[in-house]
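**Q** Structure in structure tokens, see below.
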Amino acid sequence: MKKILFFVALLATAFTAQAQEAEPQGDWTETKVEFVPHLFLQLQGGASYTLGEASFKDLISPAAQIALGYQFNPWLGLRLQVSGWESKGGWPAGYAFDNVQSPGDAYTYKWNYVAPGLDLKLSLTNLIGGWNPDRFFNLGIILGGAANIGFGNDEAQDIAWFRGMNHPYTMAQNYKSDYYLEYLWDGTKVRPVGRMGIDMDFRISDRVGINLEANANVLSDKYNSKKAENPDWYFNALLGVKVALGKTVERTVIEHKAPVVIPDPEPDPEPEKPVIIKKPTMRTEIFYAIRETIAVGVEEQKLNELIKFLKENPSTKVSVTGYADAGTGNPKINEMYASQRAANVAKALVDAGIAESRITVDSKGDTVQPFAENDKNRVTIAIAAE
């Protein structure tokens, strides 16, 4: 047994060597390959040998098998199979009955059977050497069981009748020999079967392959109507086709681009800094006492500085807006004060030589309060700009 296991392992690994590829250079493509679980169908035919006393060639009979299975992963599968056809029994040529030499021909008889069962399929090649969907040959083992349903045992019945063995125990009582039909059975007989074997697949395509199978089937004594005090055996050698009922492999092509080395670009010349020309502006706030409309004291100095700025920058224009505080008076009176304050500033500018076309005059009364402090809103605000 150790030698057989060593041979199986050696045969499985013989087909797993993969050539090492050099590291790809430049642009290259890679094919990503993934196993796809799938159903499969097997149709097989061949020969069966039933272990017995007759010569080997006289106990060979036809056999067939059909199976539907599911491949869970690259190394494990399960199948429902129905095998059967014919088994044989007999005696070697020249064996004597009742001390009378038989004719030169062997005595053989046959019967039919069908054996539905369940098998576990293990791929040794994929389990030991890894899965390769393009591998031509895969070796596996089969372990399973079945129910052997025997029928059509008429030829053994005829031999028993011809030899005067009307009762199945007659020969046992007379001769006590393993060669007689001591356990003759009739009708339909069901017996449990244990089976093991080897499985060889030869790949044609991803979905189709040629399958060669050899299995040994062991069942209880009396299968061949004889008493041998040990289990009976029959062996099947089957050749057929295995077809996957669906996709078995998913192939995805991945393109790899060699990294492109781009030299660092030369830095762009620094742009010339734009020349920012500041346009002259000036804001002047002239405050007044209550009910006053003429700038006095410090406020008059502010007005003179505005006049000076406008003369030094003849392209500028000035907007003059008068305000009144909302905390005193009423809107009508406050509008009068605000207008008068703006008009007096504008008149001072014109009197100082500033052209009227450069001056815009406006009044907000007490509708707009530019400052949070009430008294500061008695003010004229002049803004000069181009």
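Bear in mind that the values in this text are calculations on the coordinates, not laboratory data. Since the model is a prediction, treat every value here as computed from it, not as a measurement. For neighbour counting, all protein chains shown are included, and Cβ atoms are generated from backbone atoms with ideal geometry for every residue, glycine included.
**Q** Using 31 Å as the Cα-Cα cut-off, could you pick out the over-long pairs in Lys273/Lys302; Lys121/Lys226; Lys347/Lys376; Lys308/Lys376; Lys311/Lys364?
**A** Working: Lys273/Lys302 37 Å; Lys121/Lys226 33 Å; Lys347/Lys376 22 Å; Lys308/Lys376 25 Å; Lys311/Lys364 27 Å.
Cα-Cα > 31 Å for Lys273/Lys302; Lys121/Lys226; rest within.
**Q** Considering amide H positions built from the backbone, and no H for Pro or chain starts, which residues 5 or more places from Val241, or on another chain, come under 5 Å of its amide H?
**A** Leu43, Asn211
**Q** I've got another one for you. Set the Förster distance to 35 Å, then compute FRET efficiency between Arg291 and Glu386 from the Cβ-Cβ distance, nearest 0.05.
**A** 0.45
**Q** Could you give the length gained on full extension between Glu34 and Leu239, defined as 0.36 nm per residue of separation minus the Cα-Cα distance, in nm? Mind dumping the intermediate values first?
**A** Working: separation 205, 0.36 × 205 = 73.80 nm, distance 2.87 nm.
Contour length minus Cα-Cα distance gives 70.9 nm.
**Q** Still on this structure, please answer the following. Quick one: 3J(HN,Hα) in Hz for the stretch 318-326, Karplus 6.51/-1.76/1.60 with θ = phi - 60°, rounded, Gly and Pro as x.
**A** Along the stretch 318-326, the couplings run 9, 9, 10, 10, x, 9, 9, 7, 7 Hz.
**Q** Under the rule of at least 5 residues apart or a separate chain, name every residue whose amide H is placed under 5 Å from the amide H of Leu76.
**A** The list, which skips near neighbours in sequence, is Ser123.
**Q** How large is ³J(HN,Hα) for each residue in the stretch 74-79, as worked out from phi by the Karplus curve 6.51 cos²θ - 1.76 cosθ + 1.60 (θ = phi - 60°), to whole Hz, x for Gly and Pro?
**A** Each residue's phi maps through the Karplus curve to give x, 10, 10, x, 9, 9 Hz.
**Q** Note the full-extension length gain between Arg135 and Arg251 as 0.36 nm times their separation in residues minus their Cα-Cα distance, in nm to one decimal. The partial results should precede the final answer.
**A** Working: separation 116, 0.36 × 116 = 41.76 nm, distance 1.52 nm.
The Arg135-Arg251 span can extend by a further 40.2 nm.
**Q** Something else: Can you give the extra length, in nm with one decimal, that the chain gains between Arg207 and Lys57 once fully stretched, where that is 0.36 nm per residue apart less the Cα-Cα distance? Intermediate values should be presented prior to the final figure.
**A** Details: separation 150, 0.36 × 150 = 54.00 nm, distance 3.63 nm.
Roughly 50.4 nm would be gained on extension.
**Q** For Ile204, what residues show an amide H to amide H distance below 5 Å, using hydrogens built from the backbone and excluding near sequence neighbours?
**A** The answer is Gly209, Ile210.
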